[in-house]
Amino acid sequence: MTPLTALSTIRRMEEGQLPAPEELARLLSPDGEVLRDALFEAADRVREKHCGKAVHVRAIIEFSNVCRCECAYCGLHAKNSNVVRYQMTEEEILAAAKDAVEAGYQTVILQSGEDLSYSRETVGRLVSSIKRVGNVAITLSLGERPFADYAYWRECGADRYLIKHEISDETVYNRYHPHSSFQNRLACQRELSRLGYELGGGFMTGLPGQTPLTLANDLLLLKKMGVAMAGIGPYICHGETALRGNPDGDVNLTLRVVAAARLLLPRANLPSTTAVNVKGGLTNALNCGANVIMQKATPYKYRNLYDIYPGRDSKDVPLKEQYEALRAQLSALGRTIYENGDG
Ligand code: SAH
């Protein structure tokens, strides 16, 4: 493909046309790299038009690193006996959520490994209690659970659920997730949408086995599943996993994929994911389509134990300070924090 045809792919996507998978794959292949600036500029225009300058800021509380799964890329997989496991109590989780709300965060994301010791009722109670703290939206990210759990938490007031498809190649997905299946993951996504959750999807870039065509299909799958939010982050290699020794995903490629996601999903919430932030891509992500920032609000004594991938932060900054530093950073970029209530 000549640069000219790839440029017309960008133009047509900006006008709302759906590209063929092969065409999108070419744009995301190494050959498409020369059009990076054109892609970023188009994504920035679409973000400005549909989302404006306001950035949604979310606080993520990683309340347990206990996990029954065996994901090939994740440092917290069940068989990693080097992990010091923790489980926050209900009181600790509620206190962390209150802290986040008081600091200014308008969405609280509760995330954990697949830890079934937090029962349907416990999580439901947490959701209702946090809802009483203030006008706050709640996102759950607890992996695959029985559909009755999802239904109950929705009744308790949960607004969104984040569960990524991780990689759209079914064979590779099933190899990396021996405890479950690609079809089950998608069934969870469909059920969550049916229950009225705002569905958050997403995937990693640079996972071994992923090609430009996989990436194109990853993006088109987001569209097909009707996600309201998509977290796209680089794979970061963890030395205590089945995939140890593989290279990290490339941040530059990740940003091109985020930009393409913006063209395909003009109104979606697209975060600069924590993995992008770890790799220093935050500012760039906001200039190529992202309109959401996810920041950690996990108490410091647990933060570095949530070792999904290496490169976690360790400076003990109070949440209010973290929030205000972000406000200053955004303002320097000509952006603002969305503060009109998410809940
Ligand atoms: N257990 C829940 C919560 C997920 S962990 C679930 O399964 O949905 C949150 C996200 O971290 C995952 O969806 C995955 O995309 C990302 N992640 C895990 N390991 C990673 C790694 N090594 N590099 C980059 N991202 C990773």
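The values are calculated or read from the model by the stated rules, or taken from the named source; none is laboratory data. For clarity, every value in this text was computed on a predicted model and none was experimentally measured. Reconstructed Cβ throughout: ideal geometry from the backbone, glycine too, with neighbour counts over all protein chains shown.
Quick check on residue 256: is it charged (D, E, K, R), out of contact with any Pro (no Cβ under 6 Å at 6 or more places or on another chain), more than 16 Å from the ligand (Cβ to nearest atom) and free of Cβ contacts under 8 Å to residues at least 24 places away in the same chain?
So residue 256 does not fit the description; no.
Take the residues of the stretch 62-85 that are more than 8 Å from the ligand (Cβ to nearest atom) and hydroxyl-bearing (Ser, Thr, Tyr): which is surrounded by the most Cβ atoms within 10 Å (Cβ to Cβ)?
64
Restricting attention to the stretch 225-253, which residues are touching a strand residue (DSSP E or B) at 6+ places or on another chain (Cβ under 8 Å) and either within 12 Å of the ligand (Cβ to nearest atom) or aromatic (Phe, Trp, Tyr) (or both)?
230, 231, 232, 233, 234, 235, 248, 249, 251
If you check 57, 101, which single one turns out to be assigned to a strand (DSSP E or B), away from the ligand (no atom under 16 Å from the Cβ), of a type in the set (A, V, I, L, M, F, W, C) and touching a residue at least 24 places away in the same chain (Cβ under 8 Å)?
57
Yes or no, residue by residue, for (1) modelled with pLDDT under 95; (2) not small (Gly, Ala, Ser):
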{"position": "242", "(1), (2)": "no, no"}
{"position": "247", "(1), (2)": "no, yes"}
{"position": "250", "(1), (2)": "no, yes"}
{"position": "257", "(1), (2)": "no, yes"}
{"position": "270", "(1), (2)": "no, yes"}
{"position": "277", "(1), (2)": "yes, yes"}
{"position": "285", "(1), (2)": "yes, no"}
{"position": "290", "(1), (2)": "no, no"}
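Being among the polar types (S, T, N, Q), on the phi < 0 side of the Ramachandran plot and in a helix (DSSP H, G or I) is the requirement here; does residue 135 meet it?
For residue 135, the condition - among the polar types (S, T, N, Q), on the phi < 0 side of the Ramachandran plot and in a helix (DSSP H, G or I) - is not met.
Based on this model, can you work out whether residue 207 counts as surrounded by 20 or more Cβ atoms within 10 Å (Cβ to Cβ), within 13 Å of the ligand (Cβ to nearest atom) and not in a helix (DSSP H, G or I)?
yes
Restricting attention to the stretch 149-179, report how many residues are within 12 Å of the ligand (Cβ to nearest atom) and either at positive phi or touching a Gly at 6+ places or on another chain (Cβ under 9 Å) (or both).
Result for the stretch 149-179: 8.
Pairs under 7 Å by beta carbon, first residue at positive phi and modelled with pLDDT of 95 or more in the stretch 191-205, partner in a helix (DSSP H, G or I) and more than 10 Å from the ligand (Cβ to nearest atom), six or more apart or different chains?
Hits for this filter: 196/154.
If you check residue 267 against the conditions, is it crowded, with 22+ Cβ neighbours inside 10 Å, of a type outside the set (A, V, I, L, M) and either more than 25 Å from residue 47 (Cβ to Cβ) or more than 12 Å from the chain's Cα centre (by Cα) (or both)?
Considered against the rule, which asks whether it is crowded, with 22+ Cβ neighbours inside 10 Å, of a type outside the set (A, V, I, L, M) and either more than 25 Å from residue 47 (Cβ to Cβ) or more than 12 Å from the chain's Cα centre (by Cα) (or both), residue 267 comes out as no.
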